[in-house]
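Colleague: Sharing a structure with you now.
Just so it is clear, none of the values below were taken in a lab; they were calculated from the coordinates. Nothing here was measured: the structure is a model prediction, and the numbers come from that model. Here Cβ is always computed from backbone atoms with ideal geometry, including for glycine, and neighbour counts include all displayed protein chains.
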């Protein structure tokens, strides 16, 4: 962020929950400029991916793209968001779990269920990717990933193969 002041992430997180879409969009926009300094807002930003306002969703995604690894304490809340009815929120919850690596080992069962589900294809692909990022701790996912590697979607098959390689065995 250079010489810019570190944002008030807690205040912006509260503003993301505002009833006013202008306030939510403004908060998401400021968080989109925070980079890794905004990591404490990871869960509210994932939730904002399902916002009714398009600007909020766009700025939330922009913030999440540069967020890096979320705090380890957020893993449980991110696991709950994997089942979000909004595919964009589910995608980003899974992305942050993948970025958490072995710290997200408790997410393996939920990610396996996601790969096996009829959920949005991009969400299934991201779940396969995240299992690979978790690595050897995702050993219980081997059977699911082997099945996914044999399915018709090339990208899902490739991601499942890469995850199997990362998991080992």
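Colleague: Between residue 73 and residue 147, what is the label-point separation in nm under the 7 Å Cα-to-beta-carbon projection?
Modeller: 3.8 nm
Colleague: Hey, what did segment 36-169 get for relative contact order, percent, Cα under 8 Å, at least 6 apart?
Modeller: 19 percent
Colleague: Which shape class applies to segment 65-138: rounded if a/c is under 1.5, otherwise prolate when a/b exceeds b/c and oblate if not, where a ≥ b ≥ c are the square roots of the Cα gyration tensor eigenvalues?
Modeller: It comes out oblate by the Cα gyration axes.
Colleague: Between segment 49-87 and segment 107-140, how many Å separate their Cα centres?
Modeller: 17 Å
Colleague: With everything on Cα atoms, drop me the angle between helix 154-167 and the longest principal axis of the chain, reported from 0 to 90° to the nearest 10.
Modeller: For 154-167 against the chain, the angle is about 80 degrees.
Colleague: Same structure again: If I build a Gaussian network model for the chain, linking alpha-carbon pairs within less than 10 angstrom, which residue out of 35, 139, 152 has the largest mean-square fluctuation?
Modeller: 152
Colleague: Within a 10 angstrom radius of the beta carbon, how do 92, 129 rank from fewest other beta carbons to most?
Modeller: Listed from fewest to most nearby Cβ atoms, that is 129, 92.
Colleague: Using alpha carbons only, how many degrees (0 to 90, rounded to 10) separate the axis of helix 87-99 from the longest principal axis of the chain?
Modeller: 80 degrees
Colleague: Cα gyration tensor of segment 18-94, axes a ≥ b ≥ c as square roots of the eigenvalues: rounded (a/c below 1.5), prolate (a/b > b/c) or oblate?
Modeller: In terms of gyration-tensor shape, oblate.
Colleague: Less than 12 Å from a label point 7 Å out along the Cα-to-Cβ axis of residue 58: which backbone N atoms in segment 9-36 qualify, by residue?
Modeller: What the label zone holds, given the 12 Å backbone N cut-off, is 29.
Colleague: Hey, what number do you get for the chain at 222 nm if only DSSP H runs of n ≥ 4 count, each worth -39500 (n - 2.57), divided across all residues, to the nearest 500?
Modeller: -18500 deg cm²/dmol
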